[in-house]
Amino acid sequence: MSGTKRKVETADDRTGKRTKTKTNAAPTAAGSKKKYLPPAFQKKGITRGARKMNRDKKLRKQGEKQKSSKKGHRKNDEKHEEDDEEEDMDDMNSDISSDESDVSMDDDKNNIEDAEEGEEVEDDEEDEEEEPEKSNGAVDADKKSSSRESHAKQKVLAQERRAAKPNADIIARSKKLWERLRRKSHVPLDERKKLVAELFEIITGRVNDFVFKHDSVRVIQTALKYASLEQRKMIARELQGHYRELAESRYAKFLLGKMLVHGDTDIRDMIVPEFYGHVKRLIRHPEASWILDDIYRTVATKQQKAIMLREWYGPEFAIFRDNDAEVTSELSKILTDNPEKRPPIMHNLYELVNQLVQKKTTGFTMLHDAMLQYFLNTKPGSSEANEFIELVKGDEEGDLAKNMAFTKSGARLMSLCLAYSTAKDRKLLLRFYRDTIKLMAGDVNGHLVILTAYEVIDDTKLSSKSIFPELLSQDAEESARHEELLLQINDITARIAVLYPFVGDTVKWLLPAGDEEILAEIFEIRKETSKKEPAIRRQELIKAASPSLLEFIGARAESLMETSFGCQFLSEVLFTADGDKSAALNAVAIAAKSKTEAQDSPFVGRMLKSLVQGGRYNSVEKKVEKVDPPLNFHALLYDNIKDDILAWATGPQTFVIVALAESNDFSQKNELLKVLKKNKKVLEKAAAGSKDSSDKTKKAGPSSSGAKLLLGKI
């Protein structure tokens, strides 16, 4: 009721606690004076959260205060006194507010309840402020101890969970054996045999329980490594029916790979058939795809490869199959026998290829084989062929083109794409290989893509700028460049890309088996898609590569003459290179004199003889095809060896002197013959030196045959 005062609680009612009361006055009439609000209400701006934050701040600083000096302690004491004074002032204000609140005439029930709730909140805040403060060091100690206790509890729980799992004891024992066995060099042979026998006692009959766990599968891998063939077959038989699951497992797939490496054909034939009918799904699986492609690429037979590749052509090849019948994966034969199946087969094949390309999983040999089968069965210039080339070009990073260059089918496919593409498309495709040219040159398949680029790209400035800087290490320092080139020239595969433009039509001895057939196919396509004459294109490439190679010969002629590959390189480059060859020819002549051990090498003799003759020997026409302009190497060589001419005439390299004596362009030929005539007896002795009365069937050596020819010349 209006005008009734709220009873003020006494100290006994509050149990000795001072409380701050909040009085809500009734709404005043319009024009009446506004009531005075006591200071206690103005202090209400400090909320409970703010007080808690201040208390936490004090706790953080408490540790620093304890370590401070006495002066610091005095300051803290003064600060606490000030805080106490502030609290006393608050109490006084609270009393004032309590007294003045007696004047309030508000009888509204809701306001009274709000005031009581306010009192409870203030009581809680006062209780929190009166709690004893803990030091920072004590808090840290409590946290550390609780952390150690929680870790210990977690460890105990983990051990309990591990012990509750099936076969926990035997797995723990097998892991101890594995720890010992895996250190091969630290375990004697006899002890290892005992450990392996004990390990097989544990795992026999339980292999399936071990292989799907990331730690215990390593035990099976070690057992497989040191097992006998019969023990390996035992493991393979136990896992039969689960190989697909192993391939899909993140860890067990490595066990499957090890079984194929260490196993024999029986184990292979247990594993491979389990993948039949599931190839399309597994090739898209993140784990199984790699082990499936490894099986296809390394261990599968031709028949097994055909069965797996046929599944790419559609569901019917996966469902209706005869594993024992002889089948082919050649799509052209399948389409010839069943022409009505062409649309669905081509559609299914393209869709699966496109899915893998879009997922960026383009390194599979099986994928490259499938792509080649698709492209070989499209009509050149058709929408299917153009769409397929666009698919290869569409990979902006170039991963697809790079991966294809390193497989047999992929390299052939990229060569065909380069041959059928337009000039603009060839430029784009070649750009993908700018940072992998040297790697491709050393690969048994990748070098074919470089040779195709030589043969079909009309813009030789583009091809030379894209290929030669990396292939010939033109941007490297001189010493590093020479070392790299020397390694390339002496490698049977890496030298092909370097020498191919210089060799010309006599390229058969340089190329590995199979390359000639593919290049012949490229030459036929080139007639329709390229405009420049092959001879002009080749000469422009030679002109771009010659300066680097001639400079290399001038600097490292002696090193090149140490190997047969180096001597072949010297002959081909010096015959065909464009530019000033005098420095390189002079370096070879000096090396022939200074490198005495080279004088006994047959490949050095053949190289010097061909350089003296001035051209390559044509075995069909039985004559030397001299180069233009002439090398005139005979004069350089004679100036360096004329003091030792007799030793050369009667030694292993006698045919070099024969070539000098037979050369019509050699200006010092008469001088040479005079020297030989003066030493006719020495030549006669050399010619008769190989004849041995005890062995009349023995053939005459090269020095004897050469000496006889020289005697005929004089």
Quiz item: Out of (1) modelled with pLDDT under 80; (2) within 38 Å of the chain's Cα centre (by Cα); (3) surrounded by 12 or more Cβ atoms within 10 Å (Cβ to Cβ), the odd one out for Arg162 is which?
Solution: (3)
Exercise. For Val261, work out the one condition from (1) surrounded by fewer than 17 Cβ atoms within 10 Å (Cβ to Cβ); (2) of a type in the set (A, V, I, L, M, F, W, C); (3) touching a residue at least 12 places away in the same chain (Cβ under 8 Å) it doesn't fulfil.
Key: (3)
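May I ask you to verify whether Val392 is at pLDDT below 95 and assigned to a helix (DSSP H, G or I)? Even if it seems obvious, please write down each step before you answer.
On the way: at pLDDT below 95: yes; assigned to a helix (DSSP H, G or I): yes.
Spelling it out, Val392 is indeed at pLDDT below 95 and assigned to a helix (DSSP H, G or I).
Does at least one position in the stretch 575-598 carry a residue that is on the phi < 0 side of the Ramachandran plot, outside the structural domain of Ile645 (by TED's automatic domain parsing), in a helix (DSSP H, G or I) and touching a strand residue (DSSP E or B) at 6+ places or on another chain (Cβ under 9 Å)? Show your work before the answer.
Taking the stretch 575-598 and keeping what is on the phi < 0 side of the Ramachandran plot, we get 575-578, 580-598.
Of the ones still in play, those that are also outside the structural domain of Ile645 (by TED's automatic domain parsing) are 575-578, 580-598.
Narrowing the set further to residues that are in a helix (DSSP H, G or I) leaves 575-576, 582-594, 596-598.
Now narrow it down to the ones that are touching a strand residue (DSSP E or B) at 6+ places or on another chain (Cβ under 9 Å): 575.
Yes, some residue in the stretch 575-598 is on the phi < 0 side of the Ramachandran plot, outside the structural domain of Ile645 (by TED's automatic domain parsing), in a helix (DSSP H, G or I) and touching a strand residue (DSSP E or B) at 6+ places or on another chain (Cβ under 9 Å).
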Quiz prompt | Tally, over the stretch 444-462, of residues that are assigned to a helix (DSSP H, G or I) and more than 13 Å from Ala497 (Cα to Cα) | solution = 4
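Is there a residue being surrounded by fewer than 18 Cβ atoms within 10 Å (Cβ to Cβ) and at positive phi anywhere in the stretch 355-373? Give the steps one after another, and end with the answer.
Kept after step one, since they are surrounded by fewer than 18 Cβ atoms within 10 Å (Cβ to Cβ), are these residues of the stretch 355-373: 355, 358-360.
Those left that are additionally at positive phi: 360.
Yes, some residue in the stretch 355-373 is surrounded by fewer than 18 Cβ atoms within 10 Å (Cβ to Cβ) and at positive phi.
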Quiz item: Can you name every residue in the stretch 523-568 that is outside any helix (DSSP H, G or I) and either of a type outside the set (S, T, N, Q) or at pLDDT 95 or above (or both)?
Solution: Lys531, Lys532, Glu533, Met561, Glu562
Exercise. Give me a count of the residues in the stretch 672-698 that are outside any helix (DSSP H, G or I) and either touching a Gly at 6+ places or on another chain (Cβ under 6 Å) or modelled with pLDDT of 55 or more (or both).
Key: 3
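Would the stretch 636-645 turn up any residue that is surrounded by fewer than 18 Cβ atoms within 10 Å (Cβ to Cβ), under 46 Å from the mean Cα position of the chain (by Cα) and part of a helix (DSSP H, G or I)?
Let us first name the residues in the stretch 636-645 that are surrounded by fewer than 18 Cβ atoms within 10 Å (Cβ to Cβ), namely 639-640, 642-645.
The next check asks that each one be under 46 Å from the mean Cα position of the chain (by Cα); those that pass are none.
Checking the stretch 636-645: not a single residue is surrounded by fewer than 18 Cβ atoms within 10 Å (Cβ to Cβ), under 46 Å from the mean Cα position of the chain (by Cα) and part of a helix (DSSP H, G or I).
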Quiz item: Hey, does the stretch 439-452 have a residue that's charged (D, E, K, R) and out of contact with any helix residue (DSSP H, G or I) (no Cβ under 8 Å at 6 or more places or on another chain)?
Solution: yes
Self-check item: Among the candidates Val624, Val604, residue that is more than 13 Å from Leu570 (Cβ to Cβ) and either under 48 Å from the mean Cα position of the chain (by Cα) or surrounded by fewer than 20 Cβ atoms within 10 Å (Cβ to Cβ) (or both)
Solution: Val624
Self-check item: Pairs with Cβ under 8 Å, 6+ apart, first in the stretch 644-669 and outside the structural domain of Phe633 (by TED's automatic domain parsing) and under 15 Å from Ser703 (Cβ atoms), second among the hydrophobic types (A, V, I, L, M, F, W, C) and modelled with pLDDT of 90 or more
Solution: none
Quiz item: On the given criteria, is Ser571 polar (S, T, N, Q), closer than 30 Å to Glu478 by Cβ and either surrounded by 14 or more Cβ atoms within 10 Å (Cβ to Cβ) or modelled with pLDDT of 90 or more (or both)?
Solution: yes
Self-check item: Test: residue in the stretch 491-504 that is under 21 Å from Gly554 (Cβ atoms), assigned to a loop (DSSP other than H, G, I, E, B) and in contact with a Gly (Cβ under 9 Å, 6 or more places away or on another chain)
Solution: no
Practice problem: Could you grab me the full set of residues in the stretch 505-522 that are assigned to a helix (DSSP H, G or I) and either buried (at least 16 other Cβ atoms within 10 Å of the Cβ) or of a type in the set (Lys, Arg) (or both)? | Solution: Asp515, Ile518, Leu519, Ile522
Quiz item: For Glu470, which of the numbered conditions (1) without any contact (Cβ under 8 Å) to a residue 40 or more places away in the chain; (2) under 20 Å from Glu396 (Cβ atoms) fails to hold?
Solution: (2)
Quiz item: Within the stretch 438-461, how many residues turn out to be crowded, with 23+ Cβ neighbours inside 10 Å and within 17 Å of the chain's Cα centre (by Cα)?
Solution: 2
Practice problem: From the list Leu631, Leu611, pick out the single residue that is outside any helix (DSSP H, G or I) and surrounded by 18 or more Cβ atoms within 10 Å (Cβ to Cβ). | Solution: Leu631
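State the number of residues belonging to the stretch 280-334 that are outside any helix (DSSP H, G or I) and either without any contact (Cβ under 8 Å) to a residue 40 or more places away in the chain or closer than 24 Å to Phe375 by Cβ (or both).
So the answer is 16.
The values are calculated or read from the model by the stated rules, or taken from the named source; none is laboratory data. Owing to the predicted nature of the structure, the values given are computational and were not obtained by experimental measurement. Every residue, glycine among them, receives a Cβ derived from its backbone with ideal geometry; neighbour counts consider all protein chains shown.
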